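Participant: My questions all concern the structure below.
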Amino acid sequence: MMVRAGLTISIVVVACFMAGCQSSQDGFSTATTVVGTLPDQSEVRLHTLRNSQGVEVGILSYGATIVSITVPDAKGSMDDVVLGFDSLAGYRGDNNPYFGSIVGRYGNRIAGGSFVLDGETYMLARNNGPNHLHGGLVGFDKVNWESMAASDGKRTSATFRYVSVDGEEGYPGTLRVTVVYTLTADNEVIVDYEATTDKATPVNLTQHSYFNLSGTGDILDHELALNASYFTPVDSTLIPTGELRSVFGTPFDFKTTARPIGERIRDNDPQLVIGGGYDHNFVLDGGGDSLALAASVYDPLSGRTMEVWTTEPGVQLYTGNFLDGVEGKNRQVYGPHGGFCLETQHYPDSPNQPAFPSTILRPDERYVSRTMFAFGVRHR
């Protein structure tokens, strides 16, 4: 659990709360528009962050959802490299596989939809077979966050706040959450998380963007390196068995050298057969305290690169195995392996696995975590 101070970025210059509000300073800009109204009459805002190089990030207040990241390829052409929908209706629909959202109160799975904390059993929704997934039926991805945007001449950011009340989705304690997205001059998208609670509760927040650095097609030729010597194997319902298994000599070895994601994805390894590809937590080497490199991705087609840095101890590699023809942006149909996720996190099912790093946040603690997605290009 990240419970240390000093990571949250504070930018207090120009705040955009109203529809159509824009600010600009030294090549950085923000724009805020209202894109819809929910049944409770709350307005859903789209915040667009732009840096001095023309890189743009679009984020909805609904689910604190990244809806676009537009970055250049090796020839300077700009493309959106995250999967998603063209309208708010898509993000609110039943076919949304958590595209771009913040998931919580507990990202990933909790076995049997229950856990015991301080001698009391808590029951959660079983929304993924027999298990609980990504916070339940109405997780953080399905609520409208309070939001604002700002620029200061060196970076541009959007801040999102949500209060999850005691008992929401079965979790104990009122949890107050802040997520800040920051776009820098170096084409870095930084995600800062902070949370406090008035009662002990499990917390495991993550960002669930699906990336495709080509902007279209599948991601099987993307070359991936993971700074992880171990992963957590899973049972038939994708719950960790509790073992930390070495990646070396297995299809899970992205540590020794970078490899195409699709090179061994169809190997007859029981762990790959279970989920139709990679859907596993990797144990990061030295992860969990300072910001450290977790993963590097290179797309030979576009020349784009992406590094993932995090303070979290693990990262879930998900290769879009369950994408089943979802119609997304510009009428694109996303099939299996149309995108990949690198969800920085604590390990799945940690509330039921005492040997895993704890995800329990208590009233005298503060949850603080940072992840950075750094985009670049590689010229052949």
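Quick note: the coordinates plus some simple rules give every number you see, no bench work behind them. Just so it is clear, the structure is predicted and the values come from calculations on it, not from any experiment. Don't worry about glycine lacking a Cβ; one is built from the backbone with ideal geometry, like all the others, and counts go over all protein chains shown.
Participant: Restricting to DSSP H runs of at least four residues, report the calculated mean residue ellipticity at 222 nm for the chain, -39500 (n - 2.57) per run over all residues, nearest 500 deg cm²/dmol.
Facilitator: On the way: 2 runs with 11 residues, N = 380.
One gets -500 deg cm²/dmol as the mean residue ellipticity at 222 nm.
Participant: If you consider only alpha-carbon coordinates, what radius of gyration and Dmax does the range 22-377 have, in Å?
Facilitator: When restricted to Cα atoms, the range 22-377 yields Rg and Dmax of 19.2, 59 Å.
Participant: Taking the Kirkwood radius as the inverse of the mean 1/r across Cα pairs, report the Rg/Rh of the range 148-230. Provide the component values of the computation, followed by the final result.
Facilitator: Values: Rg = 17.4 Å, Rh = 16.1 Å.
Here the Rg-to-Rh quotient is 1.08.
Participant: OK, next. Using the Karplus curve 6.51 cos²θ - 1.76 cosθ + 1.60 with θ = phi - 60°, work out ³J(HN,Hα) for each residue of the range 42-56 in order, rounded to whole Hz, and write x for Gly and Pro.
Facilitator: Taking θ as phi minus 60°, the curve returns 6, 8, 8, 9, 10, 9, 10, 9, 9, 9, 5, 9, x, 6, 10 Hz for the range 42-56.
Participant: I would also like to ask the following. Sorting check: for 77-88, 119-130, which peptide has the highest mean count of neighbouring beta carbons within 10 Å, and how do the rest follow? Numbers along the way, then the final one.
Facilitator: Numbers: 77-88: 18.6, 119-130: 13.7.
Top of the packing list down: 77-88, 119-130.
Participant: Sticking with this one: Using a Förster radius of 41 Å, what is the FRET efficiency between residue 137 and residue 285 based on their Cβ-Cβ separation? Nearest 0.05, please. Mind dumping the intermediate values first?
Facilitator: On the way: r = 36 Å, r/R0 = 0.87.
With a Förster radius of 41 Å, E is 0.70.
Participant: Still on this model: To the nearest 20 debye, what is the magnitude of the charge dipole of the chain about its Cα centre, counting +1 on the Cβ of each Lys and Arg and -1 on the Cβ of each Asp and Glu? Could you put the intermediate results ahead of the total?
Facilitator: Values: 27 positive and 43 negative charges, 85 e Å.
So the dipole magnitude of the chain works out to roughly 420 debye.
Participant: Quick check on the exposure proxy: order 148, 306 from fewest to most C-beta atoms within 10 angstrom.
Facilitator: On the way: 148 20, 306 23.
The order, fewest Cβ neighbours first, is 148, 306.
Participant: For the range 66-112 and the range 265-313, what is the separation of their C-alpha centers, rounded to whole Å?
Facilitator: 17
Participant: In the range 306-349, how does Rg compare with the Kirkwood Rh, expressed as the Rg/Rh ratio over alpha carbon atoms?
Facilitator: Looking at the range 306-349, the ratio lands at 1.10.
Participant: Name the residue, out of 105, 266, 50, whose mean-square fluctuation peaks in a Gaussian network model built on the chain with Cα pairs under 10 Å.
Facilitator: Maximum among the listed residues: 266.
Participant: Another one. Could you sort the peptides 54-62, 237-245 by per-residue average Cβ neighbour count (10 Å cutoff), highest mean leading? Working shown, then result.
Facilitator: On the way: 54-62: 22.9, 237-245: 16.4.
Highest to lowest by the protection proxy: 54-62, 237-245.
Participant: On to the next question. Under 29 Å between alpha carbons, and skipping anything fewer than 8 positions from residue 154 in its own chain: which lysines qualify?
Facilitator: Result set, ordered by chain and number: 75.
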